[in-house]
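K.L.:
Take this structure first; my questions come after.
What follows is calculated from the coordinates using simple rules that are stated; it is not laboratory data. Not measured: the values here are computed from a predicted model. Note: ideal-geometry Cβ built from the backbone for every residue, glycine included; neighbour counts use all protein chains shown.
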There are 2 protein chains.
Amino acid sequence: MPANDQERLSRQIAFILEIDRLKHVLRRSLTGSPGERRRENSAEHSWHLALMAVLLAEHANGAIDVSRVVKMVLVHDLVEIDAGDSYCYDDRAALDKEAREQCAAERIFALLPEDQALEMRGLWDDFEARQTPEAKFANAIDRLQPVMLNHYSQGQAWRENGVTRDRVIARNRPIEEGSAGLWAFARGLIEDAVKKGYLEK
Amino acid sequence: MPANDQERLSRQIAFILEIDRLKHVLRRSLTGSPGERRRENSAEHSWHLALMAVLLAEHANGAIDVSRVVKMVLVHDLVEIDAGDSYCYDDRAALDKEAREQCAAERIFALLPEDQALEMRGLWDDFEARQTPEAKFANAIDRLQPVMLNHYSQGQAWRENGVTRDRVIARNRPIEEGSAGLWAFARGLIEDAVKKGYLEK
């Protein structure tokens, strides 16, 4: 392998080892059946979203480039390696979330060769801006997945964090921008959660 | 949403909830820096491979459809939900691994609407047969990743399981079928691991 290619591969490998750390960033959502229930980490969450993107793409409001959505959800949480996971119902964490995540993006993507750093950064910026059809759909499944896990775990994380129905609806309404069908489904889950006592009214 | 679409979405959602269980299938490879080191699970492993596929595709021996490789690695371990993870250096587990995994594939993919069940099963069969350029490359990174994690953790899993250099080389030689460049890199890691005492000669 020529020296330039070696240098390129070294940077790719350094990035790949660095992102191993995302497996240790814990979210509030719970995973698993009652006996093995634990907090989900952001790496396995991203894997779950990637498969959801492949399987649910047909429910997007318009035509989308599915492989771009998949890449977007694979990288969308990498900034949490430095910035940590900000719980979506934590107003204090939200205050400086953007600044923390911008710094993280600067450092982490710069580990890669420049062309790939730009590509990955572009995917993340696109996801955050939520303007393109792909970003709207990626954000939709990123919100739908915790609603599903919360419903499945009888609302344990919602109840532990004092989250109410109105806040869940406000947080998840952007699902509709990506998929009206999935938003209707999420609404059904939320109302069912209230009915069953998983979520406070 | 028409009743047919509802039924279709219900099956997709049932599958998406079922595969949450992959987050609880533990591998032998370790993840994390010394203070937080733990066994890796197959869901976060699959996420890691998906990003490796995107970033390392240029090192494949020939032209590959990267988005197919990504989908392949996202589903390649799903059968472990029923069949468990078979450690690659465990000869006894290897004896009935194929039969266990075939049964698992029958059950798990059948949760999906039929067209998607066929697509996902096709990806898994392709990965297992290791004949197409995409499958060869997907298998290459599935082998390279644990070598990287083992080297990074000073060979802890290799040492705990009494694995020797010759077995690591035999297990990982198929990397070459997917990427001569990555195989050269893996060989370098393995020899370095022997030199540093991470791996027995």
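K.L.:
Evaluate segment B:33-143: find the radius of gyration of its Cα atoms, find its Kirkwood radius, and give the ratio Rg to Rh.
P.N.:
Ratio of gyration radius to Kirkwood radius for segment B:33-143: 0.98.
K.L.:
Another question about this same structure. Which three lengths, in whole Å and largest first, does the protein assembly as shown cover when its Cα atoms are put on their principal axes?
P.N.:
64, 48, 39
K.L.:
Around B:Pro113, what is the net charge, scoring Lys/Arg as +1 and Asp/Glu as -1 over all other residues with Cβ under 12 Å from its Cβ?
P.N.:
-4
K.L.:
Right, next: Mind listing the long-range amide H neighbours of A:Asn61? Cut-off is under 5 Å, sequence gap 5 or more, other chains count too, H placed in the peptide plane at 1.01 Å from N.
P.N.:
Those qualifying (amide H under 5 Å, at least 5 residues apart or on another chain) are A:Ser179, A:Ala180.
K.L.:
Could you work out the Rg to Rh ratio of segment B:50-111, with Rh taken as the Kirkwood radius (inverse of the mean 1/r over all Cα pairs)?
P.N.:
Using Cα coordinates only, the ratio equals 1.08.
K.L.:
PRE reach from B:Ala184 (point 7 Å along Cα→Cβ): which of segment A:1-40 fall under 18 Å by backbone N?
P.N.:
A:1-14
K.L.:
Here's a follow-up. Could you calculate the FRET efficiency of A:Gln131 with B:Asp65 from 1/(1 + (r/R0)^6), where r is the beta carbon distance between them and R0 is 30 Å, rounded to 0.05?
P.N.:
That pair, A:Gln131 with B:Asp65, gives E of 0.60.
K.L.:
What distance in nm separates the simple spin-label points at A:Ala99 and A:Arg171, each placed 7 Å from Cα in the Cβ direction?
P.N.:
2.4
K.L.:
Taking the dipole about the Cα centre of chain B, with the C-beta of Lys and Arg at +1 and of Asp and Glu at -1, give me whichever of B:Pro34, B:Ser67, B:Phe15 is farthest to the positive side.
P.N.:
B:Pro34
K.L.:
How do B:Glu106, A:Glu44 line up, fewest other C-beta atoms within 10 Å first?
P.N.:
B:Glu106, A:Glu44
K.L.:
Continuing with the same structure: Take every Cα-Cα pair in chain B and report what % of them are more than 24 Å apart.
P.N.:
Tail of the P(r) past 24 Å holds 43 percent of the pairs.
K.L.:
Now a separate question. Inter-copy label distances at B:Arg92, 7 Å along the Cα→beta-carbon direction, one decimal in nm, shortest first?
P.N.:
Once sorted, the set of distances for B:Arg92 reads 5.2 nm.
K.L.:
Divide by every residue of the protein assembly as shown the summed helix terms, -39500 (n - 2.57) for each DSSP H run of at least 4, and state the resulting mean residue ellipticity at 222 nm, rounded to the nearest 500 deg cm²/dmol.
P.N.:
One gets -20000 deg cm²/dmol as the mean residue ellipticity at 222 nm.
K.L.:
For the protein assembly as shown, give the magnitude of the charge dipole about the Cα centre (Cβ charges: +1 Lys/Arg, -1 Asp/Glu; no others), in debye to the nearest 20.
P.N.:
The dipole magnitude comes to about 1120 debye.
K.L.:
Take peptide A:3-13, look around each residue's Cβ out to 10 angstrom, count Cβ atoms belonging to other protein chains, and average those counts.
P.N.:
3
K.L.:
Taking just the C-alpha trace of segment B:109-183, give me its Rg and Dmax in Å.
P.N.:
Both quantities, over Cα of segment B:109-183: 15.7, 45 Å.
K.L.:
Here's another thing I want to ask about it. Which FRET efficiency, nearest 0.05, do B:Arg92 and A:Gln154 yield, Cβ-Cβ r, R0 35 Å?
P.N.:
Efficiency computed from Cβ-Cβ geometry: 0.35.
K.L.:
Where the label is 7 Å out from Cα toward Cβ, how close does B:Arg38 come to the same position in every other copy, in nm, shortest first?
P.N.:
Nearest to farthest, the other copies are at 0.3 nm.
K.L.:
If you place +1 on the Cβ of every Lys and Arg and -1 on the Cβ of every Asp and Glu, how big does the dipole about the Cα centre of segment A:88-201 come out, in debye to the nearest 20?
P.N.:
Roughly 760 debye for segment A:88-201.
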